[in-house]
Amino acid sequence: MLQHDEKDTPSLMAKASAEELVLCAQKGSQESFVELVRRYESRLLIFMRYKTGNINDAEDLVQETFIRAYTNIQKYSSSFKFSTWLFTIASRLAATHYRKSKLNAGRQEIFYENNQLSEVVEKETNSDLLSLAVNLPENQYQALWLKYVEDMSIKEISQVMGKSKVNVKVLLYRARVNLSRLLRRS
């Protein structure tokens with residue numbers, strides 16, 4: 001548990017696990033929730049940008065994800081990783097957004113609209129692979145993203161995507177095969 005003086009807050013917050021921060025946030029620590037937002041905001045923005053095909057919608061949905069997470073923080077169970085819980089909220093919001101807008105998001109190339117977003121992608125993934133992976137079917141891309149960028153387990157991915165573990169394994173296999181084909185062509 002985080003016990004500290006106020007002057008030590010930033011360094012202690014940066015060292016705490018997401019699950020420790022959630023426990024503090026459940027007890028009313030706004031600083032802990034702000035640190036969670038800081039850690040996950042860019043990753044969620046990239047995830048939502050792909051799901052919506054529109055940076056403005058993605059930003060709105062990221063904000064809505066954090067609002068939902070904050071208002072439902074008491075419902076979080078430590079039996080799951082915080083990232084799994086957060087990305088499940090985001091995934092459901094994106095699905096609702098898609099149904100409401102009835103837009104065919106299609107397969108659009110991701111153009112990163114600011115340097116910070118571009119830097120995050122370059123740190124966490126190989127940009128060449130990511131630009132190729134964007135051409136995969138949505139479920140395959142989402143499974144790859146959650147596995148290799150978000151470092152989620154098969155079980156966690158199945159929870160976020162609402163699919164069985166076997167289905168997730170098949171999606172990952174097909175995504176790797178298709179990505180391999182795309183690499184050979186390029």
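Bear in mind these aren't lab numbers, they're just calculated from the coordinates by the rules spelled out. This one's a predicted model, so the numbers in the text were calculated from it and none came from an experiment. With ideal geometry, Cβ positions are generated from the backbone for all residues, glycine too; neighbour counts draw on all protein chains shown.
Things worth noting here:
- Sorted peptide list for 42-48, 134-140, criterion being average Cβ within 10 angstrom, highest first: 42-48, 134-140
- Calculated P(r) tail over 14 Å for the range 125-186, as whole % of Cα pairs: 51
- Calculated from backbone phi, Karplus (6.51, -1.76, 1.60) coupling profile of the range 90-96 in Hz, x at Gly/Pro: 4, 4, 5, 5, 5, 5, 5
- Entries of LYS75/LYS147; LYS75/LYS163; LYS51/LYS169; LYS27/LYS100 with Cα pairs more than 28 Å apart: LYS27/LYS100
- Each residue of the range 35-45 was assigned a 3J(HN,Hα) from its phi angle through the Karplus curve 6.51 cos²θ - 1.76 cosθ + 1.60 (θ = phi - 60°); the sequence is 5, 4, 4, 4, 6, 10, 4, 5, 5, 5, 4 Hz, with glycine and proline shown as x.
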